[in-house]
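Coordinate-derived values only; no laboratory data. Source: prediction; values computed, not measured. Quick reminder, even Gly has a Cβ in these numbers, built from the backbone with ideal geometry, and neighbours come from all protein chains shown.
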Amino acid sequence: MSKLWGGRFTKQTDKLVEEYTASISFDKELAEEDIEGSIAHVTMLGKCGILPLEDVDKIRDGLLAVQGMIRRGELEYNVQNEDIHMNIEKALIDLIGPVGGKLHTGRSRNDQVATDMHLYLRKRVVELVGLLIKLQEALLEQAKQNLDTIVPGYTHLQRAQPILFAHHMMAYVSMFQRDVERLQDSYKRINVLPLGAGALAGTTFPIDRHFVAEQLGFDRVYENSLDAVSDRDFIVEFLSHASLIMMHLSRMCEEMVMWSSTEFAFIELDDAFCTGSSIMPQKKNPDVAELVRGKTGRVYGNLFGLMTVLKALPLAYNKDMQEDKEGMLDTVNTLQGALQLFAPMVSTMKVNKERMRQAVNQDFSNATDIADYLVNKGLPFRQAHEVIGKAVLYCIQNHKYLLDLSMDEFTEFSTLFGDDIYEVLQPEHVVNARNVYGGTASNQVADAVSRAEAIVRESSDWFSLYLEKSK
């Protein structure tokens, strides 16, 4: 079979070269975007008088017919046609004859593929924002249900100070809000049209790039044709944002794995999101959380891989840039899969409030409050710190906790202690004493939930608007 570009060549392409250089095995995922871009392009060719309108109508109808074949799974992709663009063009020519070859007037595969990826990523970014919003909503619901649930807070994975479990959930709401905002901001750099840049220098045909941009819903066009065909910053940026999202998911996965263990027993994940052991019948493994945690590595790899591909490329297009697609497509699929599972996994998570309270009652996470108590009595903080350190050591040596100490034992460490120390040491008092903006006091957390719900509603409005715009 002769190539659509084969006029200059005197020999057939080596079969191994065809297989090695072809991208159809993965870029067929861009088929819808390729059809969409081609319809806008040929419509512009007719508007500008570059092609007769009867040819435009025939090509447009042919493209829609090919699109139907793709959707029905009837189009057979051929590695000899290399990529999705050539496979679609070949199918078009087979359907409507040589007039199909006029579709490629005034464009190159270089600006065509760049357009496909802009179209594809624009849709996916909006969808990912929607999935992040669902996850935030699930976290907010858990927070609202646990405004009175106290859990140990950790630093260095050592118990530090008691906090509300709702406060812990809200930390992830904040993380994912930054992820939402990064994706929203990236949209304006994705929503730029490269079509019309040709191979690298533009085209001799009197095309109207702004008309095509309007047809496809792009906000603007690339200012420089070299930049248009060689820019992959928008993909690198997406991969970077995706890596951050996966990092945040992975951090929460780590906690879910720990919390669901017998040693912690803070939560129980729903059976629908766990699996069993092939040999140990008692096991309930948090496989979804573990696998999301593991898949973070492949998303990082896709980011570093593309940056390495691009680091020494001269302008403009180079075949190396074919390596931009697999990592992008894989990252989209990996991230979508993780987020689709995460919201229901969080929603169905059971919180063991009693176990959390037991943990708080059996630690020294209220020690800082005793130091603050002595400071309020006039003792310098460094001296108070030393006093409480000795009290904690005494408790450890005598198998006690601070609330177990008698008043006589307290006054052995400082005469500043009074009976009110027992109220100060209560977990509820410790939590509610952090009554500052962003703190873990119950009223502050309740206010934070209300503020976050309003922010998530704004993001949801953005999602609805741009979902419609990116269709």
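A few notes on this one:
- Against the chain, whose longest principal axis comes from its Cα atoms, helix 442-469 is set at around 10 degrees.
- Nearest-ten-degree value, helix 367-376 long axis tilted from longest Cα axis of the chain: 60 degrees
- Debye equation applied to the C-alpha atoms of the stretch 367-424, log10 I(q)/I(0) at 0.14 Å⁻¹: -0.31
- Dipole of the stretch 418-464, positive direction: furthest Cα of 435, 448, 462, with charges on the beta-carbon: 462
- Dipole of the chain, positive end: most advanced residue of 332, 356, 260 [Cβ charges, Cα centre]: 332
- Answer label, with semi-axes √(5λ) of the Cα gyration tensor in Å calculated from the coordinates and candidates [x] 61, 22, 19; [y] 38, 30, 21; [z] 38, 25, 21: [x]
- Charged-residue dipole, Cβ positions (Lys, Arg, Asp, Glu), the stretch 73-189 about Cα centre, Debye nearest 20: 440 debye
- Residue pairs exceeding 29 angstrom between C-alpha atoms, taken from 90/325; 350/400; 15/47; 283/350: 350/400; 15/47.
- Efficiency of FRET between residue 312 and residue 14 - r from beta-carbon atoms, R0 45 angstrom, step 0.05: 0.95
- Residue 155/residue 54 FRET efficiency (R0 56 Å; Cβ-Cβ; nearest 0.05): 0.15
- Gap separating the Cα centres of the stretch 182-240 and the stretch 260-314, nearest whole Å: 35 Å
- The stretch 293-394 shape via C-alpha gyration tensor axes, a/c threshold 1.5: oblate
- Given charges at beta-carbon only (K, R positive; D, E negative), |dipole| of the chain in Debye: 780 debye
- The angle between the Cα long axis of helix 165-190 and the main principal axis of the chain comes to about 20°, on a 0 to 90 degree scale.
- Debye log10 I(q)/I(0) for the stretch 6-105, one point scatterer per Cα, at q = 0.14, 0.19, 0.21 Å⁻¹: -0.56, -0.93, -1.06
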